[in-house]
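Enquirer: Would you mind keeping the following structure in view while I ask a few things?
The values are calculated or read from the model by the stated rules, or taken from the named source; none is laboratory data. Please read all numbers here as calculations on a predicted model, not as lab measurements. We place every Cβ from the backbone using ideal geometry, glycine too, and count neighbours over all the protein chains shown. Just the protein is used for accessible areas: all its heavy atoms, side chains included, with ligands, DNA and RNA removed. Shrake-Rupley method; radii C 1.70, N 1.55, O 1.52, S 1.80 Å.
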Amino acid sequence: MRTSSSLSTNGTPPTRLLDAEDAGEAVQRLRQRSSAVDFGQGDFIFHQGQGAAGVYELCSGTVKVFKTTDEGGVHIVRLVQPGQLLGHHAVLGRAPHGATAEALAHVRTRFIPRDDFVAVLRQAPNLSLRLLRALSSQVRGHEHQLLSLSQHTVAQRVADTLLTLEARHGRDADGAVALSLSRQDLASHVGAATETTVRTLTDLKTRNLIRTSGRRIWLRDRKRLRRMLSGPARA
């Protein structure tokens, strides 16, 4: 299966859009009109092509947003973290969902009906501006990833992805990257075949840069992993 990704490769934590102090009243109105919805691991929050009934604010857990091609390929658009929104692209674009959202573990969300979300944005320019900035940041992340796919080796992209995942999701009690992805999902982030990604992980283990156990990954030498990113790109 062919996989690719538009993961932003910087380690900056995402902005919690609905924690905006300068849009507090608008945020309160949104939350008053919202309802709590939980999803279990592997549950789909919405499907590609489905009509958008509203927007979800992710409160806990991680959600994978991905596109499926006609050929059966999977393209991971992004990993959504607590404080970020889901479904707003479709609501703002008055279009069906352009991707599928799947819970990677148990997640809690707050669902905001479409008309309520749009009505509050019209009345709250500060919140609307923050949303535009968040969308702009996503576009920059996609542009960065396209450049990475064209200029960097698979090993460089694996190192970049592992460093980014640890920076954004932290480490668990044992020191491993807190978000453990399947090898197929990791390959989707890297933009390479699963087999190639597995071989690259094996090479990084041999070089004592990482340690693995099942799906879990420990970064043993972050300095050398970062140094890989400034090394020669592929021709």
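Enquirer: Quick one: putting +1 on the C-beta of Lys and Arg, -1 on the C-beta of Asp and Glu, what dipole do you get for the chain around its Cα centre, in Debye to the nearest 20?
Expert: On the way: 33 positive and 21 negative charges, 161 e Å.
With only Lys, Arg, Asp and Glu charged at Cβ, the dipole is about 780 debye.
Enquirer: Something else about it: Hey, can you grab everything whose amide H is under 5 Å from the amide H of I217? Only 5+ residues off in sequence or another chain; H modelled, so Pro and N-termini drop out.
Expert: Correct list: V177.
Enquirer: Can you tell me the length gained on complete extension of the stretch R216 to A36, counting 0.36 nm per residue apart and subtracting the Cα distance?
Expert: Numbers: separation 180, 0.36 × 180 = 64.80 nm, distance 3.06 nm.
Full extension of this stretch gives 61.7 nm more.
Enquirer: Ranked highest first by the average count of other Cβ atoms within 10 Å around their residues, in what order do 127-138, 176-187 fall? Could you put the intermediate results ahead of the total?
Expert: Values: 127-138: 15.7, 176-187: 19.6.
Packing proxy ranking, top to bottom: 176-187, 127-138.
Enquirer: Would you pull out the residues with amide H under 5 Å of Q84's amide H, same chain only if 5 or more places away, H placed 1.01 Å from N?
Expert: Sorted by chain and number, the residues that satisfy this are L58.
Enquirer: Each label point is 7 Å from the Cα along the Cα-to-Cβ direction; what then is the distance between the points at R140 and S182, in nm?
Expert: Rounded to a tenth, the inter-label distance reads 3.3 nm.
Enquirer: Using a 1.4 angstrom probe on the protein heavy atoms only, could you order R215, R168 from most to least accessible area?
Expert: Numbers: R215 120, R168 60 Å².
So the residues, ranked largest to smallest area, are R215, R168.
Enquirer: Another question about this same structure. How large a share of the accessible area of the chain, in percent, is made up of carbon and sulfur atoms when the probe is 1.4 Å and the other protein chains stay in place? If you can, show how the numbers build up before the last one.
Expert: On the way: 5780 of 11810 Å².
Ligands and nucleic acids excluded, carbon and sulfur give 49 percent.
Enquirer: Compute the accessible area per residue over the chain, keeping the other protein chains in place, probe 1.4 Å, unit Å². Before the final figure, lay out the partial values.
Expert: On the way: 11810 Å² over 235 residues.
So the chain comes to 50 Å² accessible per residue, rounded to a whole number.
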